[in-house]
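K.L.:
Here it is, the structure, as structure tokens.
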Amino acid sequence: MTALPFEDTTDFENADRGFLGALVPAVVKAADGRVVWDNDAYDFLRADCPDTAHPSLWRQAQLCARQGLYQVTDRVFQVRGLDLSNMTLVEGERGVIVIDPLISAETAAAALALYRRHRGERPVTGLIYTHSHGDHFGGARGVLPRGTEEGVPVIAPTGFLEHAVSENVYAGNAMTRRAMFMYGDRLPKAPDGQISAGLGMTTSTGTITLVPPTTDITRTGQEETVDGVRIVFQLTPGTEAPAEMNFLFPELRALCLAENATHNMHNILTLRGAVVRDSRIWARYLDEAIEYFDDRYDVAFASHHWPTWGHDNVVAFLSEQRDLYAYLHDQTLRRLNDGLTGPEIAEELRLPPGLERRWHARGYYGSLNHNIKAVYQRYLGWFDGNVAHLWEHPPVEQAVRYVEVAGGPGAALAKARGYAEAGDLRFAATLLNHVVFADPSDTAAKEALAAVYRRLGQGAENGPWRNFYLMSAIELREGPGTVQLDAANPELVTALTVEMLLDSVAIRIDGPRAWDEDLTIDLVLTDQQRRYRLTLRNGALTHRSIALDAGRRTPAGLTLTLTRPQLLGLLAGGGLAGIEHEGDPGLLTRLFGLVTTTDKSFPVVTP
């Protein structure tokens, strides 16, 4: 391990600065009594680091586990340690502006209650979403319950709504299963189990909600005044999220960095899966922030971790974060153009010593290794140029052949154990993975692989790597867990545009079963004055928006005249009751009969 400055306690001093009070006990429950957040479960982190954890990750976990209400500066407060993310509160003339209301309505309500306990019963007079990830909007109803949002501005970067809901719908089921591994869903919170996710402790499991934005930030330099508080915005699309923004409170001399600069190396491609981020643009927007906001702040805070005080300290922090993302981007491209593949570059490349020893550049959440592979993927995709990899067998078929080459299951298992005993855990995992894929009923191989994964996990500095390894060990021993997804919350679904709703149906069509179908259905949305033509042909459901009267020139087999709420009800299995229709309603039955319903991130579509 690189010699790290464990003697430097600045982060601990900053993480404790401004503490006003904690939630005691730090447990949040849903209305049915189910625990959705338990920060007290991490009390074991008060002890010294054991042999079952990486000392650097243990240190990060100790920092992230701090919980309570903190004063950042005059009129700016943060609640930390009540979810993966932070909730920031800025006091205005009449009430309080909430920035990023956590993941769950329950944790957001608890955070707001903690603030009010110390600062009084100020109403929520504004809501700001820094970006389009669920841990920054999901708790909205915890601070703006239904019936209280009237007249309250809800501000977000342009494109927020599209990205916020599409990420939870299009690939929601697969992402959720990966997220269970990334955050250690089934791991005990213990020194030998789940100790952190690096960005925060873990994710809450309460009710995901969404209050749609009322004001879009469309350009850098745009100013808004909320409850007497002036805010200057910087758009940063394509950085940590497709829709994201930094912003300054000039009179308070406080700068919000969203999730663009936190106290760890972030993900260029998160292990749960997402669109690959642009580290080149990320670095440029950080540089722009240094210049654009220069001399106008004394403190910077973000949606995770703890603030940085002092103008010069913030500039140094932003400069190093900028250099971090620029270096990994540029050096990956340099070596890529030298002919190296992603794994080869990831194995070779290291950060400059000036960054490597910076705590905020350590790979607690993203990692240099998998970020390099992500940059490679962004530019060249999955194929590494070696034609032997162009048409390989799928995992099971390949595994059977590997085991055969190794001399059979017994010989492969023995050789893998030898590699593990010699300390080559990486190849032991590779070989044992082939043995398990070749015969999933081989309990000895599964146990051996679980033991290797456990050792790899407990040695990992990266929180998600640790959780993935340890969760995989549990799954090998106990079988797969259940995917629990709350992204089908009605407020997320109702936020989808008509186009996104139709896309969500299209990606759930069982293509092979639909090969021989040929049908056309028109949806006339009376409240939007648009006609949408759905065509199912060659197993693909496509749609286009056309003028209202255009459809009459080319009649569809079925025309439904309805409102958007009726369309939502129809897709949720409500049938045609109350919906005007012309043509053959059997076409709708045929269409819905081809929709698979295994993806629980969207309402079950039934005839």
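K.L.:
Highest first, please rank the peptides 565-578, 161-174 by the mean number of other Cβ atoms sitting within 10 Å of their residues.
P.N.:
So the peptides 565-578, 161-174, ranked by packing, come out 161-174, 565-578.
K.L.:
Right, next: Would you kindly state the longest site-free stretch of the chain, with sites defined as trypsin sites (Lys or Arg not before Pro) in a DSSP loop (not H, G, I, E, B) surrounded by at most 12 other Cβ atoms within 10 Å?
P.N.:
Excluding the exposed sites themselves, the longest stretch runs over 351-607.
K.L.:
So how far apart, in nm, are the two label points at GLU288 and GLU13 if each is 7 Å from Cα heading toward Cβ?
P.N.:
Placing both labels 7 Å along Cα→Cβ, they lie 3.5 nm apart.
K.L.:
Express the relative contact order of the stretch 1-97 as a whole percentage, based on alpha carbon pairs under 8 Å and six or more residues apart in sequence.
P.N.:
Here the relative contact order equals 24 percent.
K.L.:
Sticking with this structure for a sec: Search the structure for amide H atoms under 5 Å from the amide H of ARG537, placed 1.01 Å from N in the peptide plane, and list their residues when 5 or more places away or on another chain.
P.N.:
Under 5 Å from the amide H of ARG537 lie the amide H atoms of THR542, each far enough along the sequence or on another chain.
K.L.:
If you don't mind, there's one more thing I want to ask. Taking every Cα atom in the chain, find the radius of gyration and the maximum pairwise distance Dmax, and write them in Å.
P.N.:
Final numbers for Rg and Dmax: 25.8, 77 Å.
K.L.:
Let me ask another. Would you mind calculating the gained length between GLU478 and TYR379 on full extension (0.36 nm times residue separation, minus the Cα-Cα distance), in nm to one decimal?
P.N.:
Extra length from GLU478 to TYR379 when fully extended: 31.8 nm.
K.L.:
Could you check the spin-label model distance between ASP48 and PHE427? Points 7 Å from the Cα along Cα→Cβ, value in nm.
P.N.:
3.6 nm
K.L.:
Okay, next question. Based on the Cβ-Cβ distance of ALA444 and VAL27, what FRET efficiency does E = 1/(1 + (r/R0)^6) give at R0 = 30 Å, to the nearest 0.05?
P.N.:
With R0 = 30 Å, the Cβ-Cβ based efficiency is 0.15.
K.L.:
Let's test the formula: R0 of 35 Å, r as the Cβ-Cβ distance of THR215 and ALA572. What FRET efficiency results, to the nearest 0.05?
P.N.:
Once the sixth-power term is evaluated, E becomes 0.70.
K.L.:
Under 15 Å from a point 7 Å along the Cα-to-Cβ line of GLU392: which residues of the stretch 331-354 have their amide N that close?
P.N.:
341-344
K.L.:
Right, another one. When the accessible area of the chain is split by element with a 1.4 Å probe, what percent falls to carbon and sulfur?
P.N.:
The nonpolar share, carbon plus sulfur, comes to 51 percent.
K.L.:
While we're here: Treat the stretch 17-161 as a sphere of radius equal to its Kirkwood radius over Cα pairs and apply Stokes-Einstein at 37 °C in a medium of 0.692 mPa s; give the translational diffusion coefficient in µm²/s, rounded to a whole number.
P.N.:
Rounded, D is 205 µm²/s.
K.L.:
Output ³J(HN,Hα) for the stretch 190-196: one whole-Hz value per residue in order, computed from phi by the Karplus curve 6.51 cos²θ - 1.76 cosθ + 1.60 with θ = phi - 60°, and x for Gly and Pro.
P.N.:
Calculated HN-Hα couplings, in order: 6, x, 9, x, 7, 10, 3 Hz.
K.L.:
Sequence gap at least 6, Cα distance under 8 Å: using those rules, report the relative contact order of the chain to the nearest whole percent.
P.N.:
It comes to 12 percent, rounded to a whole number.
K.L.:
Would you mind getting me the FRET efficiency between GLU223 and ASP330? Use the beta-carbon distance for r and R0 = 35 Å, nearest 0.05.
P.N.:
0.55
K.L.:
Would you mind putting 314-320, 523-529, 242-248, 109-115 in packing order, based on average other-beta-carbon counts within 10 Å, highest first?
P.N.:
The peptides rank, most packed first, as 242-248, 109-115, 314-320, 523-529.
K.L.:
Take the Cα atoms of the stretch 497-540, build their convex hull, and give its volume per residue in Å³.
P.N.:
It is 56 Å³ per residue.
K.L.:
Just the accessible area per residue of the chain, please: how many Å² with a 1.4 Å probe?
P.N.:
Normalised by residue count, the accessible surface of the chain is 41 Å².
The values are calculated or read from the model by the stated rules, or taken from the named source; none is laboratory data. Here the structure is a predicted model, which is why all the values come from computation and not from measurement. With ideal geometry, Cβ positions are generated from the backbone for all residues, glycine too; neighbour counts draw on all protein chains shown. SASA here: full protein model, heavy atoms, side chains in, ligands and nucleic acids out. Shrake-Rupley method; radii C 1.70, N 1.55, O 1.52, S 1.80 Å.
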